[in-house]
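Worksheet for the structure shown next.
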């Protein structure tokens with residue numbers, strides 16, 4: 001084989017012993033989990049915003065963002081519940097580029113996965129300690145989840161991972177909401193199959209163990225747009241798209257049916273500045289349908305301190321190095337506008 005074995009990754013037990021979560025913070029997470037789950041189970045009418053940078057590339061910048069988000073959350077707490085996007089693993093379509101803090105804790109340095117695991121846990125703990133926010137992260141590598149299991153309140157499964165057997169089986173054992181995105185083809189059947197699989201119990205191999213899971217009734221759909229054969233983006237956030245999915249959802253008889261709309265990616269054709277317009281259209285559609293009002297639980301929004309994106313070599317604090325994001329002023333304005341329209 002042509003693998004070069006660099007160094008052994010620390011075990012979950014070793015990382016948790018070195019960087020434990022204290023009881024007070026664990027209590028905050030339990031409370032947050034309950035509040036978020038209540039939304040998906042229809043016990044709370046609050047609207048979810050899963051909001052933050054495309055990738056969490058800098059601890060200080062992300063923590064500055066979440067501190068600002070905390071103040072904004074307090075202004076809209078009666079209507080909106082915000083979950084910061086703290087995405088530490090990034091899928092790359094062509095396999096090139098920055099793969100996230102877990103892979104490369106310093107974007108301008110060489111990869112160091114052992115230090116990356118420590119860096120992402122440290123960042124998540126700091127956010128919780130400074131803001132009382134528990135966060136969302138993307139599950140790119142299912143085997144890595146236990147390193148953050150006691151810190152996350154939401155997990156997203158990306159368009160390219162939702163069809164993967166390992167992802168579907170792993171999230172069947174989680175007890176927090178799991179957002180399954182539609183595949184890049186846009187086929188809602190594949191997304192619904194993923195939700196169905198995640199809600200079932202399974203027995204399988206996980207991290208060297210034979211494990212059994214009860215199924216996750218909080219697995220749900222995320223519409224993120226699609227791409228056709230010519231590479232053009234096809235949005236699926238319009239009223240008609242959501243109604244088609246809602247009807248298919250209910251025909252399946254899945255538990256806790258819920259839809260989240262991703263306002264960026266193929267829905268915006270990666271034109272980040274279109275996100276406010278898309279958000280407002282979704283809210284308008286919800287008002288026109290009691291079914292959508294019941295099923296659409298919130299939005300995913302890509303936002304950071306500075307609008308747009310930069311190259312890794314550019315030193316601009318709080319500006320994305322992956323997909324372009326809304327800046328803070330636009331974010332604050334959008335959140336307040338959402339609160340006024342729900």
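The values are calculated or read from the model by the stated rules, or taken from the named source; none is laboratory data. No experiment lies behind these values; they were computed from the predicted model shown. Note that each Cβ is placed from the backbone with ideal geometry, even for glycine, and that neighbours are counted across all protein chains shown.
Structure data summary
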| quantity | calculated |
| --- | --- |
| Test: residue in the stretch 194-204 that is within 17 Å of the chain's Cα centre (by Cα) and within 23 Å of residue 237 (Cα to Cα) | yes |
| Qualifying residue in the stretch 208-220 (condition: assigned to a strand (DSSP E or B), out of contact with any strand residue (DSSP E or B) (no Cβ under 8 Å at 6 or more places or on another chain) and closer than 22 Å to residue 144 by Cβ) | yes |
| In the stretch 332-342, residue nearest to residue 99 (Cα to Cα) [restricted to those that are in contact (Cβ under 8 Å) with a residue 60 or more places away in the chain and crowded, with 21+ Cβ neighbours inside 10 Å] | 335 |
| Subset of the stretch 77-100 [assigned to a loop (DSSP other than H, G, I, E, B), over 16 Å from the mean Cα position of the chain (by Cα) and closer than 29 Å to residue 40 by Cβ] | 77, 78, 79 |
| Qualifying residue in the stretch 61-76 (condition: part of a loop (DSSP other than H, G, I, E, B), at pLDDT 95 or above and touching a helix residue (DSSP H, G or I) at 6+ places or on another chain (Cβ under 9 Å)) | yes |
| Check on residue 270, closer than 30 Å to residue 251 by Cβ, out of contact with any helix residue (DSSP H, G or I) (no Cβ under 8 Å at 6 or more places or on another chain) and either part of a helix (DSSP H, G or I) or touching a residue at least 40 places away in the same chain (Cβ under 8 Å) (or both) | no |
| Residue count, the stretch 315-330 (criterion: out of contact with any helix residue (DSSP H, G or I) (no Cβ under 8 Å at 6 or more places or on another chain) and over 8 Å from residue 302 (Cβ atoms)) | 7 |
| Failed item in (1) in a strand (DSSP E or B); (2) within 15 Å of the chain's Cα centre (by Cα), with residue 149 passing the rest | (1) |
| The stretch 47-60 - residue that is part of a loop (DSSP other than H, G, I, E, B) and either without any contact (Cβ under 8 Å) to a residue 60 or more places away in the chain or in contact with a helix residue (DSSP H, G or I) (Cβ under 7 Å, 6 or more places away or on another chain) (or both) and, of those, farthest from residue 296 (Cα to Cα) | 56 |
| Selection count where residues are in contact (Cβ under 8 Å) with a residue 40 or more places away in the chain, surrounded by fewer than 14 Cβ atoms within 10 Å (Cβ to Cβ) and either touching a strand residue (DSSP E or B) at 6+ places or on another chain (Cβ under 9 Å) or not in a loop (DSSP other than H, G, I, E, B) (or both), scope the stretch 293-331 | 1 |
| Filter pass, residue 2 being over 16 Å from the mean Cα position of the chain (by Cα), part of a loop (DSSP other than H, G, I, E, B) and without any contact (Cβ under 8 Å) to a residue 12 or more places away in the chain | yes |
| Residues of the stretch 27-53 classified as surrounded by 17 or more Cβ atoms within 10 Å (Cβ to Cβ) and closer than 25 Å to residue 342 by Cα, total | 14 |
| Contacts under 8 angstrom Cβ, first residue in the stretch 17-45 being on the phi > 0 side of the Ramachandran plot and touching a residue at least 12 places away in the same chain (Cβ under 8 Å), partner surrounded by fewer than 17 Cβ atoms within 10 Å (Cβ to Cβ) and part of a helix (DSSP H, G or I), 6 or more apart | 42/294 |
| Matching residues, the stretch 236-255, being outside any helix (DSSP H, G or I) and surrounded by 14 or more Cβ atoms within 10 Å (Cβ to Cβ) | 236, 237, 238, 254, 255 |
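Listed here are the residues, each with its yes/no results for (1) surrounded by fewer than 18 Cβ atoms within 10 Å (Cβ to Cβ); (2) touching a residue at least 40 places away in the same chain (Cβ under 8 Å); (3) touching a helix residue (DSSP H, G or I) at 6+ places or on another chain (Cβ under 8 Å).
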position: 89; (1), (2), (3): no, yes, yes
position: 111; (1), (2), (3): yes, no, no
position: 115; (1), (2), (3): yes, no, no
position: 134; (1), (2), (3): no, yes, yes
position: 145; (1), (2), (3): no, no, yes
position: 149; (1), (2), (3): yes, no, no
position: 153; (1), (2), (3): no, yes, yes
position: 156; (1), (2), (3): no, yes, no
position: 167; (1), (2), (3): no, no, yes
